[in-house]
1. Evaluate the following for Gln49: is it part of a helix (DSSP H, G or I), open to solvent by 90 Å² or more (accessible area, probe 1.4 Å) and either at pLDDT 95 or above or touching a Leu at 6+ places or on another chain (Cβ under 8 Å) (or both)?
2. Looking only at region 23-43, how many residues end up being assigned to a helix (DSSP H, G or I) and surrounded by 14 or more Cβ atoms within 10 Å (Cβ to Cβ)?
Amino acid sequence: MAEALSVNDAARYIGVGRTHLYNLLSTGEGPPSFRAGKRRLFRKDALDQWMKVQERRELVARVQREIAAAEATVSQNKMAA
């Protein structure tokens with residue numbers, strides 16, 4: 001079975017504070033978790049997968065910003081010419 005981490009351990013593992021992790025969970029943007037009694041637990045492999053998805057989203061957003069900036073520059077150059 002995959003290793004399960006507590007909220008504190010999961011937050012430390014992904015590099016955020018405990019409160020921030022709870023905020024991510026409350027908005028539905030956090031990593032998958034499950035309850036075991038009163039405890040909320042996270043599978044380590046699920047955290048790894050969630051972090052990969054976050055990295056991809058950030059990369060896509062950065063590329064989209066760069067494309068928009070390049071298009072704006074081209075548009076300004078055409079207007080100036």
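1. In short, yes.
2. The total comes to 2.
The values are calculated or read from the model by the stated rules, or taken from the named source; none is laboratory data. These numbers were taken from a predicted model, which means no experiment stands behind them. Glycine also receives a Cβ, built like all others from the backbone with ideal geometry; neighbour counts cover every protein chain displayed. Side chains included, ligands, DNA and RNA excluded: accessible areas come from the protein's heavy atoms. Shrake-Rupley method; radii C 1.70, N 1.55, O 1.52, S 1.80 Å.
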